[in-house]
Amino acid sequence: MVGLAAAWAIARRGYSVCVLERERRPGMGTSTHNSQVIHAGMYYPAGTLKAQYCVEGARMLYEFCAAHAIPHKRCGKLIVANEPHEVEGLETLRTRGEANGVRGLEIVDERFIRAREPHVRAYAALYSPNTGIVEAEVLIRALERLCADHDAAILPGTPLLAAEARAEGLELHTPAERILARVVVNAAGLYADDVSAALGGETFKVYPCRGEYAELVPSKRALLNGLVYPLPHGSGHSLGVHLTKTTHGNVTLGPTISFQARKDDYESNRLPLEHFLEPARALLPELRLEDLRLGGSGIRPKLHAPDASFADFWIARDRKCARLIQAAGIESPGLTACLAIGERLAGLVEEVL
C-alpha cells in the first residue's frame, strides 16, 4: 500500500518509477491482511509520525476513496468501557486524540451506545465519528492503476536479490535483470530490514507479529452495525481484539497478537475458536461458541521486540546510504496513513535528486 502510494506520488512529479514487487501481485501481504479500518488518530502519542500521518492520511483517504469510487464508509467507532472506573481511560484517549487534531470525539453513555449498537454491553464509550472502513483490495487496485496511468512500471514476482553502489546510482539485481536507480525507497514491509542490508543501508530488525481473526457466522452478522473496540490494556502492542463490520457486511473479531520468527507463516498453530469467545462476549454478551468461525490472519512488521511497547514509523533518508530512503515499521495505522506517507516519501526523493 505504502509502496504504491509513494510510486504514484513520485511519478506525478515527473520522475520515472519502477516498483519491485516480490509477490505475484501487489497487496498480498500486510496491506490487505488487516481490519481495513480508517483510523481517526487517538491512539498514538502526540508528535509521533503515527499520529501525524494518521490524521492527515485519513482526510486524504476519504477524499481519494470518494474520487475513485472505492467502497468505504465513515461509519464511526465506539471504544467501550464496561465498568465505571474505565471511563478515565476513555478520557485519556479523548485528550490524546484532540491533541493530535482528531475532531468530534465524545464520551457517550449507555443510552447512546444502545441506540447505535443494541447488542453491545457497555457502561460508557468514546465515540469517534470519523473512523471508518475501506475495501483494501480495491484501494490497492486503484493505486496500481494510477501508477500505470503515470507510466510507473510495476514488476510483480520480482524480489530484490542484491545491489551494488555505482557512481551514478544503485544497481538493483532481480531474477530477470539489473536496474540502475538514482534513488531507492525501501517500503518492503516485513522484509524492509533485509532490503536495507542488501542496499548497504542502516541495520535494523523487523519483528514479525501475527494477528489472527475469527468471524461471526452469517446468521449473526446483524448483531453489529459498525465498529466496536475495547479500551486498550496491557503492553500497547495492539488496540485490542475488536469487532469490525466490513464493506462486504461480514463481521471480524481480532486481531490477536503473537510475535514469531517467520515472516511468511500465516497458518501454523492457529488459535482455536475458544480463544476468541471471552473477548467477543465482553463486547457482545449473547454470543456463543457456535456463532464464531475462524477467519484470516495477518503479520505486522514491528520495529520493536516483545518487551518494548511502542515504535514509531521510520520514514527518513538513510544515514549510511545517501540514495536510500527508508519507510519501515509501517504497521497500523499504515493503511490509513498510506497517501500521506507517500507524499512525504516523494518529497524525500526530490531532496535526494
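The values are calculated or read from the model by the stated rules, or taken from the named source; none is laboratory data. Because the structure is predicted, anything quoted here is derived from the model rather than measured. For neighbour counting, all protein chains shown are included, and Cβ atoms are generated from backbone atoms with ideal geometry for every residue, glycine included. For accessibility, only protein heavy atoms count, side chains too; no ligands or nucleic acids. Shrake-Rupley method; radii C 1.70, N 1.55, O 1.52, S 1.80 Å.
The set of residues in the range 169-199 that are surrounded by fewer than 22 Cβ atoms within 10 Å (Cβ to Cβ) and either at pLDDT below 95 or among the polar types (S, T, N, Q) (or both) contains only Thr174. Leu284: out of contact with any strand residue (DSSP E or B) (no Cβ under 6 Å at 6 or more places or on another chain), in contact (Cβ under 8 Å) with a residue 12 or more places away in the chain and open to solvent by 10 Å² or more (accessible area, probe 1.4 Å), yes or no? Considered against the rule, which asks whether it is out of contact with any strand residue (DSSP E or B) (no Cβ under 6 Å at 6 or more places or on another chain), in contact (Cβ under 8 Å) with a residue 12 or more places away in the chain and open to solvent by 10 Å² or more (accessible area, probe 1.4 Å), Leu284 comes out as no. Residues in the range 289-318 that are in a strand (DSSP E or B) and buried (at least 17 other Cβ atoms within 10 Å of the Cβ): 11 in all.
Looking only at residues in the range 200-228 that are more than 23 Å from Leu292 (Cβ to Cβ) and among the small types (Gly, Ala, Ser), the one that is most open to solvent (accessible area, probe 1.4 Å) is Gly200. Between residues in the range 261-273 that are without any contact (Cβ under 8 Å) to a residue 60 or more places away in the chain and residues that are open to solvent by 100 Å² or more (accessible area, probe 1.4 Å) and of a type in the set (Lys, Arg), which pairs lie under 9 Å by C-beta distance while being six or more apart or on different chains? Note: pairs meeting the criteria are Ser268/Arg262.
Restricting the first residue to the range 114-143 and requiring it to be within 14 Å of His242 (Cβ to Cβ) and modelled with pLDDT of 95 or more, which pairs with a second residue that is open to solvent by 50 Å² or more (accessible area, probe 1.4 Å) and assigned to a helix (DSSP H, G or I) meet a Cβ separation below 8 Å and a spacing of at least six or different chains? From the range 114-143, the pairs are Val120/Arg114; Ala122/Glu110; Ala125/Phe112; Leu126/Arg94.
Among residues that are buried (at least 16 other Cβ atoms within 10 Å of the Cβ), touching a Ser or Thr at 6+ places or on another chain (Cβ under 8 Å) and assigned to a loop (DSSP other than H, G, I, E, B), Cys54 is not included. Of the residues making up the range 22-41, not a single one is surrounded by fewer than 23 Cβ atoms within 10 Å (Cβ to Cβ) and not in a loop (DSSP other than H, G, I, E, B). When you look at Leu253, is it free of Cβ contacts under 8 Å to residues at least 24 places away in the same chain and either acidic (Asp, Glu) or outside any loop (DSSP other than H, G, I, E, B) (or both), yes or no? In short, no. Considering only the range 9-24, I want to know if a residue exists there that is of a type in the set (Gly, Ala, Ser), touching a helix residue (DSSP H, G or I) at 6+ places or on another chain (Cβ under 8 Å) and farther than 26 Å from Glu215 by Cα. Checking the range 9-24: at least one residue is of a type in the set (Gly, Ala, Ser), touching a helix residue (DSSP H, G or I) at 6+ places or on another chain (Cβ under 8 Å) and farther than 26 Å from Glu215 by Cα.
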